[in-house]
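Step one of this worksheet: look at the structure below.
The values are calculated or read from the model by the stated rules, or taken from the named source; none is laboratory data. Not measured: the values here are computed from a predicted model. Cβ coordinates were reconstructed from backbone atoms using ideal geometry, including for glycine residues, and neighbour counts include every protein chain displayed.
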Amino acid sequence: MANELISHISYLAESALAGLPDGLPRRGIGTVLEKLKDPLRIAVAGRVNAGKSTLVNALLGQKVAPVGTGETTKVVVYYRYGTRDSITVVGKDGTSWTCPFASGHCLPDDLGRPATEIARADVTLSNAVLRDFTLIDTPGLAAGTRVHSAETERFLSVDTSGLGPEDCAAVAEAAALLFLMPHATGTDRVVLESFRALYESTAASAVNVIGILTHVDRLAAADEDPWPHAKDAATELGRTMRTLVADVVPLNTLLAETAQTDDFTELDALALRTLAATEPASRGRLLLSVDDLLETETAGVPHDVRTRLLDLLDLYGISQALAAVDEGAHGAGSILDRLRAVSGWGSLHRTLLDSFVRRAAVLKAHAALCDLRSVAWRFADDAAARDWLRWIRDEIERLELDPSLLDLRLLDIGRRASAGDLDLPPDLMDDLFRLVGGTAASARLGLPPDATPEVVQAEAVTAAARWREFANDPLRSPPERRIADEVRAAYEAIHADISGHGRGDRV
Ligand SMILES: Nc1nc2c(ncn2[C@@H]2O[C@H](COP(=O)(O)OP(=O)(O)OP(=O)(O)O)[C@@H](O)[C@H]2O)c(=O)[nH]1
Ligand SMILES: [Mg+2]
């Protein structure tokens with residue numbers, strides 16, 4: 001169903017493209033079409049050093065994005081699927097040039113010109129992961145030097161002031177966002193709020209933003225389990241950011257990267273086995289601090305190997321690897337299994353698949369409608385484009401009324417709720433975010449995954465009744481009633497789907 005919708009939207013954009021003279025409206029529509037044809041674009045954003053590039057590497061399963069302390073990523077980098085690996089850099093003046101990979105098949109520091117003159121880098125990789133989505137790494141928000149931070153703000157926003165030849169009109173670049181937060185402080189909320197203000201007129205909302213709490217290993221001492229604390233912190237953050245993000249998932253980004261890429265070798269496993277065999281008194285000291293790890297006397301593991309282990313695992317990862325060796329793990333594979341399990345990777349990956357990848361078509365359609373609407377209004381007075389843009393607006397209105405687009409309208413309702421435009425009681429707000437954020441019927445109703453069809457149906461009836469009651473409240477405004485009717489209809493559709501005479505797949 002969502003694919004049918006994408007065909008409709010593509011038809012709209014292609015027709016307008018054929019009819020419009022060259023100019024900003026036509027370029028804007030061209031960009032919408034290009035984005036619609038691409039795999040889902042997922043941007044990774046957050047403060048400097050949050051672990052964005054580390055996560056990009058973990059998702060790609062290869063270490064291609066440079067990581068490091070300090071301000072590392074200086075330009076917006078697209079990682080796209082292609083049959084040949086290559087790097088093309090696009091300058092702000094519209095010119096483009098290719099660049100060789102640095103050693104280790106990494107993006108080089110030197111991209112041929114100063115970062116301030118670069119619009120973006122396009123890295124094409126023959127990496128199967130990128131068939132599902134295009135990944136976009138961004139410079140840290142609110143970074144030390146405002147220049148790179150401003151670059152991300154420009155990328156995320158739809159501001160058309162100072163349009164360069166590479167800029168498109170009124171079109172946000174990504175349809176979904178992973179927002180990284182290294183510590184549970186108020187600062188990230190401020191960053192996220194300002195980010196949302198930039199994104200206001202686009203499709204970003206609790207529907208298509210996943211928050212990721214990174215560096216969770218730093219929430220406890222190396223030999224303590226940080227997970228209880230990390231889960232509580234993520235739940236609390238999820239609550240306070242409920243209108244901004246679909247979910248907050250805790251992740252040890254560093255361990256996820258090491259477990260998912262192939263840097264960790266049998267030599268590293270050997271070094272860990274040697275460390276694990278250290279006599280007990282010294283071994284106890286090893287994990288007290290980075291200095292202790294580097295300086296405690298033990299035979300067979302030189303300083304540079306310990307530094308490497310710290311880079312790959314940090315203290316918590318080393319402590320987990322030693323525990324795995326104690327329990328019988330021997331080779332690199334079995335040690336990495338343990339590290340993957342304690343990194344939180346499984347949960348992040350599941351959330352990403354459920355919230356973004358399986359819903360790629362509907363997220364793309366949603367973003368494209370928002371973008372088209374935005375272009376059609378922004379240039380409504382453009383004499384050469386007026387008639388085409390009016391036609392697009394009419395067609396969007398017609399598409400949005402189609403009953404098959406109920407789920408798309410729900411996304412929009414979710415977006416308005418995220419933006420604080422809807423004043424709903426907390427229990428209905430919870431209903432709405434669950435309904436919009438989930439894919440499985442049980443998750444959309446807040447039930448466990450193994451809930452029986454009977455339980456799911458009963459819950460759908462109860463939820464529909466809640467919204468019917470809200471719609472029937474005489475104090476409610478007509479728009480509020482219309483929204484309540486849409487949500488009730490969604491619950492009825494879930495009920496009908498389970499009865500076997502439903503309307504088919506969700507859009
Ligand atoms: N201990 C620990 N270190 C991490 C984690 N994630 C990333 N790091 C380290 O943190 C540093 C910064 O990581 P990057 O991925 O370069 O961060 P970034 O957000 O891309 O930073 P900028 O590009 O500068 O904005 C690197 O040294 C990583 O190895 C984590 O979960 N735990
Ligand atoms: Mg980076």
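What the table below lists for this structure:
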quantity	calculated
Test set (1) under 30 Å from LEU12 (Cβ atoms); (2) away from ligand 1 (no atom under 12 Å from the Cβ); (3) at pLDDT below 95 - VAL76 fails condition number	(2)
Matching residues, the stretch 88-115, being exposed (fewer than 12 other Cβ atoms within 10 Å of the Cβ) and of a type in the set (Lys, Arg)	none
Hits in the stretch 281-325 (condition: in contact (Cβ under 8 Å) with a residue 24 or more places away in the chain and of a type in the set (Val, Ile, Thr))	VAL290, THR298, VAL301, VAL305, ILE318, VAL325
Residue selected from the stretch 453-481 under the condition among the polar types (S, T, N, Q) and within 16 Å of LEU435 (Cα to Cα), by the criterion surrounded by the most Cβ atoms within 10 Å (Cβ to Cβ)	GLN457
Within the stretch 124-143, considering residues that are touching a residue at least 60 places away in the same chain (Cβ under 8 Å) and in a loop (DSSP other than H, G, I, E, B), the one farthest from ligand 2 (Cβ to nearest atom)	ASN127
Residues of the stretch 68-111 satisfying the condition of being touching a residue at least 60 places away in the same chain (Cβ under 8 Å), assigned to a loop (DSSP other than H, G, I, E, B) and not charged (D, E, K, R)	THR73, VAL75, VAL76, GLY94
Some residue of the stretch 234-247 being within 25 Å of LEU60 (Cα to Cα), part of a helix (DSSP H, G or I), away from ligand 1 (no atom under 12 Å from the Cβ) and modelled with pLDDT under 95	yes
Check on VAL44, in contact (Cβ under 8 Å) with a residue 24 or more places away in the chain and not in a loop (DSSP other than H, G, I, E, B)	yes
Residues of the stretch 222-237 that turn out to be surrounded by 15 or more Cβ atoms within 10 Å (Cβ to Cβ) and more than 21 Å from VAL48 (Cα to Cα), as a count	6
Of all residues making up the stretch 189-217, the number that are away from ligand 2 (no atom under 16 Å from the Cβ) and either modelled with pLDDT under 85 or in a loop (DSSP other than H, G, I, E, B) (or both)	20
Test: residue in the stretch 90-106 that is within 16 Å of ligand 1 (Cβ to nearest atom) and of a type outside the set (A, V, I, L, M)	yes
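Yes/no matrix, rows are residues, columns are (1) modelled with pLDDT of 90 or more; (2) more than 15 Å from ligand 2 (Cβ to nearest atom):
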| position | (1), (2) |
| --- | --- |
| ALA16 | yes, yes |
| ASP22 | no, yes |
| PRO25 | no, yes |
| THR31 | no, yes |
| LYS35 | no, yes |
| ALA45 | no, no |
| ALA58 | yes, no |
